[in-house]
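Below is one structure, written out as structure tokens; the observations come after it.
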Amino acid sequence: MVVGGSSGIGLALVRLLHEQQANIYAVSRSASAEWPADVRFLKADVLENLDAIQRFLPDQLHGLVYSVGSITLKPINRLTSEDFLKDFQLNVLGAARMIQQALKPLKNAAGSSIVLISTVAVQTGMPYHASIAAAKGAVEGMALSLAAELAFQQIRVNVVAPSLTDTPLAQSLLSSPERRETSAKRHPLGKIGRPEDISQLIAFLLSDNSSWMTGQVIGLDGGLGKLKTT
Ligand SMILES: NC(=O)c1ccc[n+]([C@@H]2O[C@H](COP(=O)([O-])OP(=O)(O)OC[C@H]3O[C@@H](n4cnc5c(N)ncnc54)[C@H](OP(=O)(O)O)[C@@H]3O)[C@@H](O)[C@H]2O)c1
């Protein structure tokens, strides 16, 4: 099940999982014209329609990806309590509620995987990221706790932490060729991420190829999070 499968990273993941012959359940507030025909879709808001999501879930669920989130970038003197609360609700509570709903079918699969998405800005300090870094830091903490709590039920929990990736969510940061170039140059590998870069890792974390992996936060950031090249 891909929550947020209609756009960006989630959409790239739906395409990839379809190539791998997975049965795909997608949840978002709108559908995508780019989905393969056999994607099962529920139009729902994760913050509001939990009952509908519960009814939509299959008896057995092998993978759950929460690809919903925000990028709120403001200096600290302009961040309101509402900004912090909104980021927390969408990134942390949305994921937590989704996992609660899906717990039984995840257990029933006798070996399943949850993947959450953080950001490079949790482990690498960046200006204007206070609200989103706080929320994604909470996502990482929650994921580690759940990985420990659910390991005995063979439910794995891992986190992918990308840097700037070319999706609709990031468009305001990539709105001109100059902005794109500046963003690309900040990364040691000289480029920003593509949704496919992230979806490949998520598909691996969902698959049995990572069956001994849980409780990990994996940076996927063109080297930005760990390297100093100048
Ligand atoms: N792009 C980046 O640079 C970047 C960097 C670091 C981390 N991330 C993280 O990566 C994840 C995916 O982001 P993205 O860039 O792929 O974003 P995106 O292109 O905006 O896709 C977000 C998806 O979430 C769905 N969604 C949003 N709010 C929802 C809600 N309330 N209920 C149900 N579905 C909802 C959207 O569909 P609808 O609008 O149809 O509901 C869409 O399918 C997020 O957690 C984001 O924080 C992104």
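Details
- Residues that are polar (S, T, N, Q) and within 13 Å of the ligand (Cβ to nearest atom) were ranked within segment 79-98; the one that is surrounded by the most Cβ atoms within 10 Å (Cβ to Cβ) is Asn91.
- Whichever residue in segment 156-174 is among the hydrophobic types (A, V, I, L, M, F, W, C) and within 12 Å of the ligand (Cβ to nearest atom) and, among such residues, is surrounded by the fewest Cβ atoms within 10 Å (Cβ to Cβ): Leu173
Results for (1) in contact with a Pro (Cβ under 8 Å, 6 or more places away or on another chain); (2) at pLDDT 95 or above; (3) closer than 28 Å to Gly63 by Cα, shown as yes or no for each residue.
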site: Gly141; (1), (2), (3): no, yes, yes
site: Ser163; (1), (2), (3): no, yes, yes
site: Ser176; (1), (2), (3): no, yes, no
site: Gly190; (1), (2), (3): no, yes, no
site: Ile202; (1), (2), (3): no, yes, yes
site: Ser210; (1), (2), (3): no, yes, yes
site: Gly222; (1), (2), (3): yes, yes, yes
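- Filter result for Leu106 (away from the ligand (no atom under 11 Å from the Cβ), touching a residue at least 60 places away in the same chain (Cβ under 8 Å) and not in a strand (DSSP E or B)): no
- Only helices (runs of 4 or more DSSP H) whose full extent lies in segment 1-93 are considered here, and the ones with at least 1 residues that are within 21 Å of Val157 (Cβ to Cβ), at pLDDT 95 or above and of a type in the set (A, V, I, L, M) are 8-19, 50-56.
- Members of segment 24-70 found to be touching a helix residue (DSSP H, G or I) at 6+ places or on another chain (Cβ under 9 Å) and over 18 Å from Met98 (Cα atoms), listed by number: Ser32, Glu34, Trp35, Pro36, Asp38, Val39
- Within segment 180-188, one or more residues are among the hydroxyl-bearing types (Ser, Thr, Tyr) and within 12 Å of the ligand (Cβ to nearest atom).
- Taking first residues from segment 3-22 that are polar (S, T, N, Q) and partners that are within 13 Å of the ligand (Cβ to nearest atom), the Cβ contacts under 6 Å between residues at least 6 apart in sequence or on separate chains come to Ser6/Ser28; Ser6/Ser30; Ser6/Ser32; Ser7/Pro168.
- Screening segment 23-34 for residues that are under 22 Å from Asp197 (Cβ atoms) and surrounded by fewer than 18 Cβ atoms within 10 Å (Cβ to Cβ) and picking the one that is farthest from the ligand (Cβ to nearest atom) gives Glu34.
- Counting the residues of segment 135-155 that are touching a Gly at 6+ places or on another chain (Cβ under 7 Å) and surrounded by 19 or more Cβ atoms within 10 Å (Cβ to Cβ) gives 1.
- In segment 41-56, the residue that is surrounded by the fewest Cβ atoms within 10 Å (Cβ to Cβ) out of those that are of a type in the set (A, V, I, L, M, F, W, C) and touching a residue at least 12 places away in the same chain (Cβ under 8 Å) is Leu47.
The values are calculated or read from the model by the stated rules, or taken from the named source; none is laboratory data. For clarity, every value in this text was computed on a predicted model and none was experimentally measured. Neighbour counts run over all protein chains shown; Cβ positions are idealised from the backbone, glycine included.
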